[in-house]
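Data block below; observations after.
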Amino acid sequence: MEPEKTEQPTGAAPEAGNKRVLTKLHTALIAIGAIVSVVFIGIWMKGSVKDRVLIPAGEFLMGAPEGGGELNEHPQHKVYLDAYYMNKTEVTNAAFKKFIDAVQYVTAAEKRGRLFFDGKQLKQESSANWKDPLGNGKGIDNKLDRPVVRVSWNDADAYCKWAGGRLPTEAEWEKAARGGTNTQYSFGDEVRELNKYAWYSENSNSQEHPVGLKEPNLYGLYDMHGNVWEWVADRYAEDYYSRSPAKDPKGPDSGNRRVLRGGGAGNVRNGLRAAFRAMSSQGSWSISFGFRCAFTAQDSKSK
Ligand SMILES: [Ca+2]
């Protein structure tokens, strides 16, 4: 039996050779493409995480110690949290504008507007809202580096989801605000130090200031005390700490009120404590309500 011929017919060899060259070229291009993609994604990731810091997994003491703080800050209890990322600063007007422009989102304050009677009929006009916080028509052109205000919990929640994250839980917020400490403020208990770390009633003229001007805490987070109140994910219950789980608590299951943390530019020092808890209905907004976002550690992507 003759061995099977393996030679290619004359004339076909160059074509096969060309195919081999093309295949090699193709493979090389795919490899180059992959390398370029990896480098690009690396640069993109590096750039995209500049706005946040990693809060390591572990336990912290949540709430106020016996004899201190307000009723709703008791009992003080240990909480374990997985690692997560936290925005270094409150979300600014500039950042919020990108979101609005990208998805044409309309905030609660813009939707509701103000009803008034002009002498003949009932009319509606826009009240103060995020893009005109004082309601005087002056806008935010000279306030792009200040925290966005007059946003509801729903508005803040929508922004964080768009940015690839979420609002921090109340426990995540407090752990981040404590910066590894158990004192009233991230820098200790000495109230005179507040001026170095926070915009509040004593130094702000009751106005929010550009983010990141004061000293950061030990995690590298700015304005956790003061400047604007920050919405967190949890619903509010005064007695929640007496029944909250020890690992990754997420707040009560029902209710319309959401927690606000950290105190604002108009608040006195008590409201700025790391353990202090405030609340408002989730559809409400105010000149002193803002927020920052958290990101789950394993998928920390952002726009
Ligand atoms: Ca704040």
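Here are the numbers for this structure:
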quantity	calculated
Where Rh is the Kirkwood radius over Cα pairs, Rg/Rh for segment 53-184	1.10
Selected from Asn217, Tyr185, Asn256, residue furthest toward positive end of dipole (segment 161-283; charges at beta carbon)	Asn256
Kirkwood Rh and Cα Rg combined as Rg over Rh, evaluated for segment 54-296	0.98
Highest average packing first - 167-178, 94-105, Cβ atoms within 10 Å	167-178, 94-105
Ranked packing of 143-153, 196-206, most packed first, by mean Cβ within 10 Å	143-153, 196-206
Sorted peptide list for 227-233, 274-280, criterion being average Cβ within 10 angstrom, highest first	227-233, 274-280
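Every number in this text was worked out from the coordinates using simple rules, so none of it is lab data. Keep in mind that this is a model prediction, so the values were computed, not measured. Glycine gets a Cβ as well: all are built from the backbone with ideal geometry, and neighbour counts include every protein chain shown.
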